[in-house]
């Protein structure tokens, strides 16, 4: 008898009774039995368990623990460790109750993530410079990067005159105008101007100080005079010698590639191989960003997979030339080992940045799956890679590099079953038909994966950079084939030929492809609307959109349709951004104030970098040097006034003579000076208040104002009829006096990170 496949006769897998013990609905809740919700949920949970799709949520719980750590105030280590062991013990006791077991395992992962954050922060703890210092400094060079205006050095500090050893930074990043002859491993000295790593330009902006802390960098600055080669007081240790040797080899190969190719393509080609991006000019960076393909110059997943794939293909092809080896040895697994070794060497040689290490771990997991006869592409392997990366560097979770790469990979892996679901036609095709079909499928696959990756990374791009590149689909579709089939294979062959001195023709071939990539980027970036500036996402919108991506990509069942709920909430919040009305620099050097027309007006002398951060956060696409940005401010030699609304004005005071009038007439007074005690404006942000607060934003709501600062907690204050002293904020009264923040304009372009993903 033929099998009955009618829907009403199919066997639906059922969960064990203990799994079906779902929480009872609230008395006012909808009766799920009326809509079949209970059976739908049970069926889909059963499928998730059968396909082992609960494991990836451990990585999510681990990451949530890291997020909670970064929200905590000076957390201890014993508390999360005790909670972790309690959760593990509970898992043993509750092992017969599947639902309870799943919950306590998730809690264990959460507390493990929290503990990893505490351990990591304590392991990298190093002194951070407290104030601007100009003094003689000596140290070993750990790394050198060529820049258009000199060199940038990572220096392991031996001594800074006037700073005790306990307060002396371990590593500093300094620039030098004339750095001829400087190589890693040398012991140098000179007069240096050092600054504390800059904090965010606005609450929620890019935090270079946090990234510098986890890299061990305690100061940034520059040498103000000649740099001298000195005799080292002690011999360098072996980690420094190894790091110096690798960096010197990278710089040598970088110069070799750049000189072989020449021009802008030379700098891009060198960055693709060695990870040294210093030779790429800012105009080239802008073109690549506008075309949505800036990610190709960052050694990350694309480069690692292509490099490892090239090693895998070469090893397997060479071994296949010997029939005896093919019959007697597992050639595929041997090639996988070769690819793992090659990928590891490539990671070390390219600088071992966070993105590169993350990509290496993902690549090793994929090829490791081949060794144990498992599918290389699986959500489980992605979760393992995420756990390993976050356990080693928990701070990576907060950066755009981790978020965008894992988001893109997860989205594409969720798409793989759909792409493989189409069956080829049974009829025989001619050679031309097969070639056309293969080409069309490749193009369709490239378009689809690019579109999916672009959509998956869009929330992270808007949150971190406030920009979208709508034509990135076109740019990636045209550029990635050149990168995949010409640039990266040439890179592998060029590196192998470099020791023999036969690499120059290979670099020139690669340079032709890179030039075509730049031409494509220039064309795409030149299209109107290639870069769209979006107001900064709030934490609520970002959290909902991130949750939607997780729910959409991790489940294997119809549970992924639940992603519609957080996605709708996130899009609704993103479509109605609650913009700030005033941005104030960390030391009061400048401010951006919303005028009565609804746009920002610049006053003071904030650096172009800071001003652009403010404009992008507001969704304003104007450049910092646009003359229209200062048009609506009434300024004289002693200060400026900007009308924010009827009966509400913001004063920017640059001279003490302006306090008398502005404190009487303005609603808010901003100054880098010390305001007199007699200043009775409703709100005063002067040198003392900003020293305690850092960069500050204001959001007006009728007669009230919401104040958010980098260092202080948010507060809300009523302005109408309230006259206050100059620095009456709780933060300035309860917190100790902080060192004077360093104005952003005191930093050179080489000393400021642009916040691009690693």
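Numbers at a glance
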{"read-out": "Selection from the stretch 488-540 of residues that are part of a helix (DSSP H, G or I) and within 30 Å of residue 581 (Cβ to Cβ)", "value": "539, 540"}
{"read-out": "Filter pass, residue 587 being modelled with pLDDT under 90, part of a loop (DSSP other than H, G, I, E, B) and surrounded by fewer than 17 Cβ atoms within 10 Å (Cβ to Cβ)", "value": "no"}
{"read-out": "Some residue of the stretch 90-99 being part of a loop (DSSP other than H, G, I, E, B), within 30 Å of residue 403 (Cα to Cα) and at pLDDT 85 or above", "value": "no"}
{"read-out": "Subset of the stretch 184-202 (residues that are surrounded by fewer than 22 Cβ atoms within 10 Å (Cβ to Cβ), in contact with a strand residue (DSSP E or B) (Cβ under 6 Å, 6 or more places away or on another chain) and in a loop (DSSP other than H, G, I, E, B))", "value": "186"}
{"read-out": "Exclusive hit being free of Cβ contacts under 8 Å to residues at least 12 places away in the same chain and within 21 Å of residue 489 (Cβ to Cβ), set 318, 327, 360", "value": "318"}
{"read-out": "Test result for residue 288, over 20 Å from residue 352 (Cα atoms), out of contact with any strand residue (DSSP E or B) (no Cβ under 6 Å at 6 or more places or on another chain), touching a residue at least 12 places away in the same chain (Cβ under 8 Å) and assigned to a helix (DSSP H, G or I)", "value": "yes"}
{"read-out": "Whichever residue in the stretch 203-223 is touching a helix residue (DSSP H, G or I) at 6+ places or on another chain (Cβ under 8 Å) and part of a loop (DSSP other than H, G, I, E, B) and, among such residues, is farthest from residue 136 (Cα to Cα)", "value": "204"}
{"read-out": "Among the candidates 713, 725, 692, residue that is over 30 Å from residue 538 (Cα atoms), in the same structural domain as residue 645 (by TED's automatic domain parsing) and either under 35 Å from the mean Cα position of the chain (by Cα) or at pLDDT below 90 (or both)", "value": "725"}
{"read-out": "Subset tally (residues that are out of contact with any strand residue (DSSP E or B) (no Cβ under 7 Å at 6 or more places or on another chain) and either assigned to a loop (DSSP other than H, G, I, E, B) or under 11 Å from residue 591 (Cα atoms) (or both)) for the stretch 611-637", "value": "7"}
{"read-out": "Only one of 108, 112, 79, 87 that is surrounded by fewer than 18 Cβ atoms within 10 Å (Cβ to Cβ) and not assigned by TED's automatic domain parsing to the domain that holds residue 384", "value": "79"}
{"read-out": "Checklist (1) part of a loop (DSSP other than H, G, I, E, B); (2) surrounded by fewer than 19 Cβ atoms within 10 Å (Cβ to Cβ) applied to residue 580, failing item", "value": "(2)"}
{"read-out": "Search result, residues across the stretch 124-142 that are surrounded by 22 or more Cβ atoms within 10 Å (Cβ to Cβ) and in contact with a helix residue (DSSP H, G or I) (Cβ under 9 Å, 6 or more places away or on another chain)", "value": "129, 140, 141"}
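The values are calculated or read from the model by the stated rules, or taken from the named source; none is laboratory data. Small disclaimer: the values here were computed from a predicted structure and weren't measured. Using ideal geometry, Cβ is built from the backbone for each residue, glycine included, and neighbour counts are taken over all protein chains shown.
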